[in-house]
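Chemist: Starting off with a structure, shown below.
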Amino acid sequence: METSPRIEHRAVPRVPGDTVGPLKLRVEPMALSFSTNVRDVSIQGMGLIADQAFVLGTSFVVESGPSGIALPKELTAHLRHATMLPDGRWLLGCRFSRHLTTEDFERLG
């Protein structure tokens with residue numbers, strides 16, 4: 001069975017997330033915190049692997065990366081899509097409230 005290549009619609013392509021460690025996120029406005037792994041990331045958004053789905057439009061505040069150090073300026077990620085993966089986890093596609101900076105990347109991994 002042949003499949004066609006996936007067409008990339010993003011203005012800024014994402015790179016694999018293995019350069020970014022696990023993130024600690026807070027779900028707004030519930031103040032529920034959880035950790036998740038980054039699948040891919042760009043200055044505009046990221047794909048997360050999570051154990052549960054969330055409602056589209058949910059906002060996550062990035063509290064810290066693996067170092068536990070907070071970002072210099074608050075960063076919010078807004079859920080744009082959620083796709084169930086074969087292993088039962090979820091791929092969450094998020095767009096950031098602002099572009100990531102070099103300092104953000106340094107603190108995230």
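The values are calculated or read from the model by the stated rules, or taken from the named source; none is laboratory data. Quick caveat, the model's predicted, so the values are computed rather than measured. Please note: Cβ atoms are built from the backbone with ideal geometry, for glycine as well, and neighbour counts cover all protein chains shown.
Chemist: Pick out the one residue from GLY68, GLY57 that is at positive phi and either modelled with pLDDT under 90 or over 15 Å from the mean Cα position of the chain (by Cα) (or both).
Modeler: When all the criteria are applied, what remains is GLY68.
Yes/no matrix, rows are residues, columns are (1) more than 16 Å from PHE96 (Cα to Cα); (2) among the aromatic types (Phe, Trp, Tyr); (3) at pLDDT 95 or above:
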position: MET1; (1), (2), (3): yes, no, no
position: GLU8; (1), (2), (3): yes, no, no
position: ALA11; (1), (2), (3): no, no, no
position: PHE34; (1), (2), (3): yes, yes, no
position: VAL41; (1), (2), (3): no, no, no
position: VAL62; (1), (2), (3): no, no, no
position: PRO72; (1), (2), (3): no, no, no
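Chemist: Go through segment 67-83 and count every residue that is touching a Leu at 6+ places or on another chain (Cβ under 8 Å) and of a type outside the set (Val, Ile, Thr).
Modeler: Looking only at that region, the number is 7.
Chemist: When you go through SER97, SER59, SER67 one by one, which is the residue that is surrounded by fewer than 18 Cβ atoms within 10 Å (Cβ to Cβ) and either aromatic (Phe, Trp, Tyr) or within 18 Å of GLY21 (Cα to Cα) (or both)?
Modeler: Within the list SER97, SER59, SER67, the selection yields SER67.
Chemist: Identify all residues within segment 53-109 that are among the hydroxyl-bearing types (Ser, Thr, Tyr) and in a loop (DSSP other than H, G, I, E, B); write none if there are none.
Modeler: Within segment 53-109, THR58, SER67, SER97, THR101 meet the criteria.
Chemist: Between residues in segment 67-86 that are of a type in the set (Val, Ile, Thr) and residues that are outside any strand (DSSP E or B) and buried (at least 16 other Cβ atoms within 10 Å of the Cβ), which pairs lie under 6 Å by C-beta distance while being six or more apart or on different chains?
Modeler: From segment 67-86, the pairs are ILE69/ARG107.
Chemist: Conditions first: (1) exposed (fewer than 15 other Cβ atoms within 10 Å of the Cβ); (2) under 15 Å from GLY109 (Cβ atoms); (3) at pLDDT 90 or above. PRO16 passes all but one, so which condition is the exception?
Modeler: (3)
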